[in-house]
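Encoded as structure tokens, the structure appears first; notes follow it.
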Amino acid sequence: MAFVVAVAQRKGGAGKSTVAANLATAMAVAGCKVALLDTDPQQTLGRWHTLRTGHRKASPLTFETSAGWRLPGTVDRMRTSHELVVIDTPPHDDLDSRTAIRAADLVLVPLQASPPDLWAMDATLDQARAERRTVLLVMNRLSATGRLRDQTLSTIGQRGLPLLEPAFGSRADFVNAFAVGLGVTEAAPRGLAAAEARAVAEAVMRQGKAG
């Protein structure tokens, strides 16, 4: 039975699709049977997957799009034949976002070091609490130093919010890999970005085993 992760964040531009793709591909490279489900009307992952089709570096994974009344059935079907299901959700509060969160075992909330990401995050946290789902925050495009970085991490700590210790750094390898339909562990497996993606994926999977 699969562990289902919904990557959700109310704010657009937080990097949900990049996080979802790199989480899925990192586990696929590790030999896990992974399904990636795009429920965002923008279909960013759909375009990404078109680029990866037939790419010699692409690891096998199942990809589908789904929305509306079909979504719960799609997730249930994927649960029975995969070890990990990653759902990329719409950035706004709508039925598909709530349905995806309801179907998940874990809600992974990416955010950048900025006040707007923190403000938008609260709506996603409220959705997850309403559905009684476990939540983890993960920093995305995190710089090594900086005032906003320190302020954001301090705010998260003061509020006692659950934050993954590994993070996705602000690295060109993530952008370059996504642009050709790959995860960073496929495109540049020896780089620092790939090490970060593997660390995040392993931390997420430990959460699944703990649950």
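The H on the amide N of VAL86, modeled in the peptide plane, is under 5 Å from the matching H of VAL5, ALA35, LEU36, LEU37, each at least 5 residues off or on a different chain. 3J(HN,Hα) along region 188-202: 9, x, 9, x, 5, 4, 5, 4, 5, 4, 5, 5, 5, 4, 5 Hz, from the Karplus curve 6.51 cos²θ - 1.76 cosθ + 1.60 with θ = phi - 60°, whole Hz, x for Gly and Pro.
Which Cα, out of LEU182, ASN140, GLN9, lies furthest along the positive dipole direction of the chain (beta carbon charges, K/R +1, D/E -1)? The one lying farthest along the dipole's positive direction is LEU182. Computed about its Cα centre, the charge dipole of the chain is approximately 280 debye, with only Lys, Arg, Asp and Glu carrying charge at their Cβ.
The stretch between GLN158 and ALA179, if pulled fully straight at 0.36 nm per residue, gains 3.9 nm over its current Cα-Cα span.
Assuming R0 = 25 Å, can you tell me the calculated FRET efficiency for the pair THR145 and ALA203, based on Cβ-Cβ distance, to the nearest 0.05? Using R0 = 25 Å, I get an efficiency of 0.65.
Less than 9 Å Cβ to Cβ from THR39, Lys/Arg counted +1 and Asp/Glu -1: what total charge do the surrounding residues give? Within the 9 Å Cβ shell, the charges total -4.
A Cβ-based charge dipole, computed about the Cα centre of region 38-163 with Lys and Arg at +1 and Asp and Glu at -1, lands at about 380 debye.
In the context of the full set of protein chains, residues of the chain present 45 Å² of accessible surface per residue (probe radius 1.4 Å, heavy atoms only). What does the charge count near ALA167 come to, summing +1 for each Lys or Arg and -1 for each Asp or Glu among other residues with Cβ under 14 Å from its Cβ? Overall, the nearby charge balance is -1. Ranked by the mean number of other Cβ atoms within 10 Å of their residues, highest first, the peptides 127-136, 24-33 come out as 24-33, 127-136. Here the Karplus curve 6.51 cos²θ - 1.76 cosθ + 1.60, taken at θ = phi - 60°, turns the phi angles of region 131-144 into couplings of 8, 6, 10, 5, 10, 9, 8, 9, 6, 10, 6, 7, 7, 5 Hz, with x standing for Gly and Pro. Counting protein heavy atoms only, the chain has 52 percent of its accessible area on carbon and sulfur, 1.4 angstrom probe.
The values are calculated or read from the model by the stated rules, or taken from the named source; none is laboratory data. Because the structure is predicted, anything quoted here is derived from the model rather than measured. Cβ: placed from backbone, ideal geometry, glycine included. Neighbour counts: every protein chain shown. Calculation scope for accessible area: heavy atoms of the full protein, side chains included, ligands and nucleic acids excluded. Shrake-Rupley method; radii C 1.70, N 1.55, O 1.52, S 1.80 Å.
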